[in-house]
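One structure is given here, and the rest of the page talks about it.
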Amino acid sequence: MVTRRILAVGLIGYNFMGKAHSNAWRQAPRFFNLPVNVRLKTICGRNRAAVKKAAAKLGWENAQTDWRRVIDDSEIDVVDICTPNDTHCEIAIAAAQAGKAILCEKPLARNVDEAERMLHAVKKARVVNMVCHNYRRIPAIVLAKRLIERGDLGECIFHFRARYAQDWIVDPNFPLVWRLRSNIAGSGALGDIFSHIVDLARYLVGEFREICGATDTFVKQRPLKKNRRVKGKVTVDDAVTMIGRFKNGALASLEATRFAPGRKNSITLEINGSTGSLFFDLEEMNRLKFYSTRDPQDRQGFRDIIVTEPTHPYIDNWWPPGHIIGYEHSFTHTIADFVKALTGGKSVQPTFADGLHNQCVLDAVKESVRINKWIRL
């Protein structure tokens with residue numbers, strides 16, 4: 001019997017993303033042939049009772065309330081950051097200095113300055129690093145990338161359009177949670193969900209050359225979480241719209257909003273090229289629509305590709321053909337790729353450098369709004 005190395009993980013954060021990452025760490029070794037065993041050693045959160053409950057429920061050996069104790073643990077190889085945005089920078093820099101590999105939730109930081117400091121830290125320490133933009137690892141999105149690279153949309157890409165829409169803060173009586181406070185979140189829909197479609201734009205089409213943005217905050221004040229009779233100021237954007245141009249000449253139109261009644265977590269993408277088009281809808285994430293002008297004229301039309309065949313990205317690790325996968329699988333794919341890269345001593349995209357590139361676009365949108373002009377990147 002060959003004894004494989006054990007990779008010990010420390011997860012900081014136990015709410016929504018903590019649950020998603022915990023599930024992915026558990027499932028990745030079960031469905032992917034990883035070169036190491038994974039040990040869920042410690043989960044960390046500020047509320048002692050809540051984090052102990054999370055440890056028991058999510059399968060972690062230990063619970064901790066001070067993230068510095070996780071960093072100081074010599075047995076831990078990986079630090080997975082799932083905390084509010086204002087703590088990403090400090091935790092990541094400390095983890096890098098301690099020689100830990102780092103997986104960090106998006107957005108990487110609240111601003112370019114923090115992202116640059118984080119990137120400098122991982123480069124100096126030469127530690128493996130990755131930003132968890134999980135939508136890159138939806139099989140249909142990876143297939144779209146392959147079709148574009150193979151030239152199935154033609155030599156030129158004309159348009160990239162994306163919309164990310166949610167509705168969870170439409171109610172003006174929804175409380176002033178941390179995601180609505182700029183000192184913690186950095187921005188609103190811009191960093192929370194717009195960052196995802198910026199990352200997908202860069203992944204599928206390329207880098208931006210110039211952008212122009214508009215934002216709005218529709219509900220200016222909200223009840224405080226602990227005292228609903230008192231209201232506090234909302235200091236982030238509720239929605240953002242951006243037009244732009246990629247370095248390859250393609251035009252971009254991106255929108256993100258948390259004020260779209262009926263849209264719980266909707267992402268739609270369309271890419272038009274000189275000989276074809278692609279369309280993706282997250283609410284039908286196992287499907288990719290593809291149109292080609294090269295098809296015979298009497299059979300042209302958008303074909304509906306069910307992305308569940310063993311030849312499709314990641315699918316051979318899951319179920320028989322035609323059996324769909326879901327949102328949680330994108331995190332498992334992320335963890336599997338991260339672990340494989342880590343054992344080879346290499347970072348895997350999107351890296352902290354990608355996180356910085358994304359943040360440059362987000363900050364450019366803010367600046368464009370401030371001065372009401374186009375910004376060149």
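The values are calculated or read from the model by the stated rules, or taken from the named source; none is laboratory data. All values reported here derive from a predicted model rather than from experimental measurement. Heads up, the Cβs are rebuilt from the backbone with ideal geometry, glycines too, and the neighbour counts pull from every protein chain shown. Note: accessible area is taken over every heavy atom of the protein model, side chains too, but ligands, DNA and RNA are not part of it. Shrake-Rupley method; radii C 1.70, N 1.55, O 1.52, S 1.80 Å.
Annotations
- When ASP72, ASP80 are checked against the criterion of being within 26 Å of SER330 (Cα to Cα) and either modelled with pLDDT of 95 or more or of a type in the set (Gly, Ala, Ser) (or both), a single residue qualifies: ASP80.
- Counting only helices (runs of 4 or more DSSP H) wholly contained in region 104-197, the ones carrying 3 or more residues that are closer than 30 Å to GLU309 by Cβ occupy 139-150.
- LYS57, sole failed condition from (1) open to solvent by 60 Å² or more (accessible area, probe 1.4 Å); (2) part of a loop (DSSP other than H, G, I, E, B); (3) not aromatic (Phe, Trp, Tyr): (2)
- Hits in region 66-86 (condition: out of contact with any Gly (no Cβ under 9 Å at 6 or more places or on another chain) and under 18 Å from ALA121 (Cα atoms)): ARG68, ASP72
- Within region 271-300, tally of residues that are within 22 Å of the chain's Cα centre (by Cα), touching a residue at least 60 places away in the same chain (Cβ under 8 Å) and open to solvent by 40 Å² or more (accessible area, probe 1.4 Å): 1
- Test for HIS196: is it touching an Asp or Glu at 6+ places or on another chain (Cβ under 6 Å) and closer than 22 Å to PRO313 by Cβ: no
- Residue check for VAL361: buried (at least 18 other Cβ atoms within 10 Å of the Cβ) and over 24 Å from CYS156 (Cα atoms): no
- In the set (1) part of a strand (DSSP E or B); (2) buried (at least 19 other Cβ atoms within 10 Å of the Cβ); (3) not hydroxyl-bearing (Ser, Thr, Tyr), LEU200 fails one condition alone, (1).
- Restricting region 247-266 to residues that are in a loop (DSSP other than H, G, I, E, B) and farther than 22 Å from GLU283 by Cα, the residue that is most open to solvent (accessible area, probe 1.4 Å) is LYS247.
- Residues within region 239-267 that are touching a helix residue (DSSP H, G or I) at 6+ places or on another chain (Cβ under 6 Å) and either of a type in the set (D, E, K, R) or without any contact (Cβ under 8 Å) to a residue 60 or more places away in the chain (or both), tallied: 2
- Within region 301-346, the set of residues being surrounded by fewer than 20 Cβ atoms within 10 Å (Cβ to Cβ), within 22 Å of the chain's Cα centre (by Cα) and of a type in the set (A, V, I, L, M) comprises ILE324, ALA341.
- Flag for ALA49 being open to solvent by 10 Å² or more (accessible area, probe 1.4 Å), without any contact (Cβ under 8 Å) to a residue 24 or more places away in the chain, in a helix (DSSP H, G or I) and farther than 15 Å from ALA101 by Cα: yes
- Test: residue in region 204-215 that is in a helix (DSSP H, G or I) and at negative phi: yes
- Residue count for region 9-37, restricted to those that are crowded, with 20+ Cβ neighbours inside 10 Å and under 20 Å from ILE71 (Cβ atoms): 10
- Residue-level analysis places ILE243 outside the set of residues that are farther than 18 Å from SER368 by Cα and outside any loop (DSSP other than H, G, I, E, B).
- The set of residues in region 163-192 that are closer than 16 Å to PHE280 by Cβ and buried (at least 24 other Cβ atoms within 10 Å of the Cβ) contains only TYR164.
- Residue match in region 210-224 (condition: within 25 Å of HIS133 (Cα to Cα) and of a type in the set (Lys, Arg)): no
- Residue ID - surrounded by the most Cβ atoms within 10 Å (Cβ to Cβ), chosen from residues in region 115-141 that are under 25 Å from ARG209 (Cβ atoms) and β-branched (Val, Ile, Thr): VAL131
- Qualifying residue in region 234-246 (condition: crowded, with 17+ Cβ neighbours inside 10 Å, hydroxyl-bearing (Ser, Thr, Tyr) and in contact with a strand residue (DSSP E or B) (Cβ under 7 Å, 6 or more places away or on another chain)): yes
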